[in-house]
Amino acid sequence: MNQALRAALADAGETVESLAEQVGVDPKTVARWVNPGRIPHPRHRAAAAAALGREVEDIWPDVLKRREPAWLRPWVEVELQASALRAFQVAVVPGLLQTPDYASAVLASGVLDPDEVADYVATRLRRQTAVLDRRKPPLFVALIDEFALRRGDPEIMNPQLDHLVKMAQRPHVLLHVLPLDAGLHAGQAGPFVIATTQDGDVAYLDDQAAGRLTNDTAALWATWDTLRSMALSRRQTIDFLEARSWLT
C-alpha cells in the first residue's frame, strides 16, 4: 500500500473522491494509486501532488528509480536540487523538453535495443515531471541551435515544435533559438548544462561515451553568455517556432 499517498490525503483533508475530482479522473483510478507499484501518468502525478501540497517524489519516491545509466545518476540528483538550469544543445532538443515520440526517435538512432529505448524514454519523462512540474520548479533557460530543430521527420518534429511553444509559455521556462545566420560559434564544441544549487554551480557535459559533472564552470559561463547574446529573444523564438518555415 502507498502509505505516503494515504498520509498525504489525510494531512490535506482529502478523500479519494475529492482528489479524483481535482485531478480530473475517475475515483477508481485514484483508488488504484494507493496500491503499491501503481504510479499515475506524469500529468496526473503533478496535479495530484499539487492538490495535496506535496512534491511528486514525496508521494511516489520510486518515480525516478532507476533505469538511467549509473553515470547519469549524480546529475539527476543535481537536477532535483537546482534552483536554475541553463542548457545548451546544438544537435537535439534538450531532454527535459522532448516529447515521447521525439525522445524515442533520438534514442533509437543509437545502439540501444527497443526495450532499452522504452525504458530510457520512460525515465526521461519521469525526469521532466520531477524537475519542471514540481511545486517550485527551477528557472529553466534553454538555448537550442536552429540546426537541432531542422533535423527529424516532420511527423515527429511538428508535435515537438508545438510542445516547445507550449513549454515556452510557462513563466519559469525561457527558450531561445540560436539561428543559423549566427554563423560559427563556441557552442559547437558540444552541449552542456549549468545547474545553480545552494552549494554552487555544477555543470554537466555530454559526449559519445558518457556524461560527466564538473564544478569548474567559468569557461562554460563565458560560452553561455556569448551564445545567449547571439540568440533570438523569447518572443522572437516563439514566433520562429510557430512559423517553422522550413517544414511548410
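The values are calculated or read from the model by the stated rules, or taken from the named source; none is laboratory data. Please read all numbers here as calculations on a predicted model, not as lab measurements. Positions of Cβ are generated from backbone atoms using ideal geometry, with glycine treated the same way; all protein chains shown enter the neighbour counts. Just the protein is used for accessible areas: all its heavy atoms, side chains included, with ligands, DNA and RNA removed. Shrake-Rupley method; radii C 1.70, N 1.55, O 1.52, S 1.80 Å.
Of all residues in the range 87-142, those satisfying the criterion of being open to solvent by 40 Å² or more (accessible area, probe 1.4 Å) and touching a strand residue (DSSP E or B) at 6+ places or on another chain (Cβ under 8 Å) are 91, 139. The range 178-248 holds strands (runs of 3 or more DSSP E) entirely within its bounds, and those carrying 1 or more residues that are surrounded by 11 or more Cβ atoms within 10 Å (Cβ to Cβ) and among the polar types (S, T, N, Q) map to 192-197, 211-214. Candidates in the range 143-163 are the residues that are open to solvent by 40 Å² or more (accessible area, probe 1.4 Å) and not in a helix (DSSP H, G or I); of these, the one that is farthest from residue 77 (Cα to Cα) is 153. Do we find a residue being part of a loop (DSSP other than H, G, I, E, B), of a type in the set (S, T, N, Q) and at pLDDT below 90 anywhere in the range 15-28? Looking through the range 15-28, none of the residues is part of a loop (DSSP other than H, G, I, E, B), of a type in the set (S, T, N, Q) and at pLDDT below 90. Residue check: residue 169 meets all listed conditions (1) of a type in the set (S, T, N, Q); (2) loosely packed, with under 14 Cβ neighbours inside 10 Å; (3) touching a helix residue (DSSP H, G or I) at 6+ places or on another chain (Cβ under 7 Å) but one, namely (3).
Restricting 195, 148, 189, 203 to those that are free of Cβ contacts under 8 Å to residues at least 60 places away in the same chain, touching a helix residue (DSSP H, G or I) at 6+ places or on another chain (Cβ under 6 Å) and at negative phi reduces the list to 203. Cβ-Cβ contacts under 8 Å between residues 6 or more apart (or on different chains), taken from a first residue in the range 15-33 that is aromatic (Phe, Trp, Tyr) to a second residue that is open to solvent by less than 50 Å² (accessible area, probe 1.4 Å) and assigned to a loop (DSSP other than H, G, I, E, B), are listed as 33/2; 33/40. For the range 171-194, which residues satisfy the criterion of being in contact with a Lys or Arg (Cβ under 7 Å, 6 or more places away or on another chain) and under 25 Å from residue 242 (Cα atoms)? Result: 174, 175, 176. Residues that are touching a residue at least 24 places away in the same chain (Cβ under 8 Å) and closer than 30 Å to residue 8 by Cα do occur in the range 85-92, at least one of them.
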